[in-house]
1. Treat every Asp and Glu Cβ in segment 245-375 as -1 and every Lys and Arg Cβ as +1, leave all other atoms uncharged, and give the resulting dipole magnitude about the Cα centre to the nearest 20 debye.
2. In whole angstrom, how far apart do the alpha carbon centroids of segment 60-115 and segment 126-189 sit?
3. Nearest 500 deg cm²/dmol is fine: what mean residue ellipticity at 222 nm does the chain get from its DSSP H runs of n ≥ 4 alone, each adding -39,500 (n - 2.57), divided by its residue count?
4. Mind putting a number on the dipole of segment 334-373 about its Cα centre? Charges go on the C-beta only, +1 for Lys and Arg and -1 for Asp and Glu, and I need it in Debye to the nearest 20.
5. Ordered by residue, what ³J(HN,Hα) values in Hz, to whole numbers, does segment 313-321 give under the Karplus form 6.51 cos²θ - 1.76 cosθ + 1.60, where θ = phi - 60° and Gly and Pro are x?
6. If you take every DSSP beta bridge whose two residues both sit in the chain, what share of them, in percent to the nearest 5, is antiparallel?
7. Sort segment 75-195 into rounded, prolate or oblate with this rule: let a ≥ b ≥ c be the square roots of the eigenvalues of the Cα gyration tensor; rounded if a/c is under 1.5, and if a/c is not under 1.5, prolate when a/b is larger than b/c, oblate otherwise.
8. Measure out, as a whole number of angstrom, how far apart the alpha-carbon centroids of segment 454-526 and segment 358-403 sit.
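Every number in this text was worked out from the coordinates using simple rules, so none of it is lab data. Since the structure is predicted, the reported quantities are computational estimates derived from the model, not experimental observations. Methodologically, a virtual Cβ is constructed for each residue, glycine included, from the backbone with ideal geometry; neighbour enumeration extends over all protein chains shown.
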Amino acid sequence: MDLYTSSDNPRELQNRLGYLMIGIVAIFVALLLRAWYLQITKGNYYREQSENNRVRVVSIQPSRGLIFDRHGELLANNVPSFNLYLVLEDIADKKALLDELARLIQMDRAEMDRKIRSRKNNVPYMPVKIKDGLSLKEVALIESHRMDLAGTLLEPEPQRNYLYGSLAAHLLGYVGEISPAQMQESDNSEVLPGTSVGQNGVEKTYDIHIRGEVGQKIIEVDAGGHEMKVLRVQEPASGNDLYLTIDLNVQKAAEEALGKDAGTIVAINPRNGEILAMASHPAFDPNQLSRSLSPADWEALASDPSHPLTNRATQGQYPPGSTFKLVVSSAALESKEVKADEQINCTGGLLFGRRVYKDWKRGGHGLMDLHSAIVQSCDVYFYEAGRRVGIDRLADYAFRYGLGQPTGIELTSEKSGNVPTPQWKMRAKGEPWYPGETLSASIGQGFVTVTPIQLANLIGTVAMSGVRYQPHLVKAIRDRATGRLFEFPPVQIGRVVLAEETFNTIRQGLSGVVSEPHGTGAAARSKIISIGGKTGTAQVVEMKAGIETKSLPKEFQDHAWFIAFAPVEDPQIAVAVLIEHGGHGGETAAPPAKRVIEEYLKNGAPQIHQQL
């Protein structure tokens, strides 16, 4: 019998040992490859993951630049505030945490979910802002439940503050959390979700200059994501400061002069285009919009029938009424269709075709030359002047004065108004131009619409013998880092080329509107300064014969206009006042213009202040 079995064969054992060694080597090589992959190829990734288990990077929001008036009076600054953030990866039960937070700080769950979904690129461990401007009570509640709210961060950050509430709200604007659409814009490519950016007014236009640069705080946290220690801080850089062209005292006078009326006042320096005041009523409180505003509150504000969010100075489009007679006067004199001393008889209406175009004065004005027609705002005179000039030449001169086009002021959504032409009507209405429509246009009715800032610039252009400047709101920017001041020079955007005699004739008429016994703007007469101006009453609805607009509900009554400049002999300020449904311009719009002008010129023509 053979003493050895096949399983005890030494050669077979040697083969098996070889296989075992190969297996061991293969496993060892695999382990080496895996270690190389984890440490070399994925080393940075896992190192970052490891760090994120104990380290967080928290953004530090900068202070926005301060906003001053032209004399260095502070209009907007920043105040301390607490904001609440979530680090989603540190939350074990997101639903339970959000429910608890909603209970503690009275915040809508749907709004929380929206903010969480907005996290940019889903970057792990990036804090998501849930609420800003927490009250001291809310901060205390969160701090007292801190150990039960793993994944929450409370950060002190600056919050925008407008010192005068709704004063100058439409030109200042407000700030708010950046929207997903805004994050797609090139200027906002590096802006993190939750960051406050300008949403309107100069806050929006100059946002890139005044928002500052975000800093960072690197903190060490415990297993629940609670801050244990600050490891490193990169301080944020504050934004640059804005110096506006407005005069705070003149702005206050404009706001007070409007009172509770819906309307607007624009005051401009005709020598350089600087806006001295811009008031629009009803207004809003930018402090309210710059802090947490519920969707319901925003909807109520946006749908308010009084339109408090609309800047009537640049976005309101109204028939200019008799203020348009400045354009008609320019076209009539320059085309020589009417001579300044030619007299036209006003009997209370002008028969044209089968219709009588009525004058505002029922019995008529009698014989009128251009001067007296401007002073007394005779409609019949301007019906006839407009008829002779024709709609094409009227439109041409209106365009020369900048009507029918945005002024270029640095505010978004500026409207252009409308200067009608036969070509425009065919495009817009699909109808030809009728001759009678020229007569309506000649007194600023029909299809003619303007914005108040356009009319302020128009009368300023007349005051300056045709020189047109682009209206602007920012006088200078101060670099916070260097203290250097960058001033904005005036921009001349054109010149209305008319004979100086034409401008003199019109200005004399405008002076008579205020100073002469039969002038329609006598309510603007001042004891301290000479004022020239033009009243306007813009019809809102077409009235049937014998019906007075004063008998109608407020919303159907005429708009009241008054545009003015002063001093007559050396113009320093031009003003446009519009009172919605205010009736006759001479009664309701002239006194506010006088108040604004007197406030600006009460100590004589102001010098350019350099308190920047």
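1. Once rounded to the nearest 20, the dipole reads 580 debye.
2. If you average the Cα positions of each part, the centres end up 3 Å apart.
3. Numbers: 23 runs with 209 residues, N = 612.
Value at 222 nm, helices only, nearest 500: -9500 deg cm²/dmol.
4. Numbers: 7 positive and 6 negative charges, 79 e Å.
Here the size comes out at about 380 debye.
5. Running phi through 6.51 cos²θ - 1.76 cosθ + 1.60 with θ = phi - 60° gives 5, 10, 10, x, 10, 10, x, x, x Hz.
6. Working: 77 of 81 bridges.
Within the chain, antiparallel bridges account for around 95 percent of the total.
7. Numbers: a/c = 2.28, a/b = 1.34, b/c = 1.70.
The shape class here is oblate.
8. About 22 Å separates the Cα centre of segment 454-526 from the one of segment 358-403.
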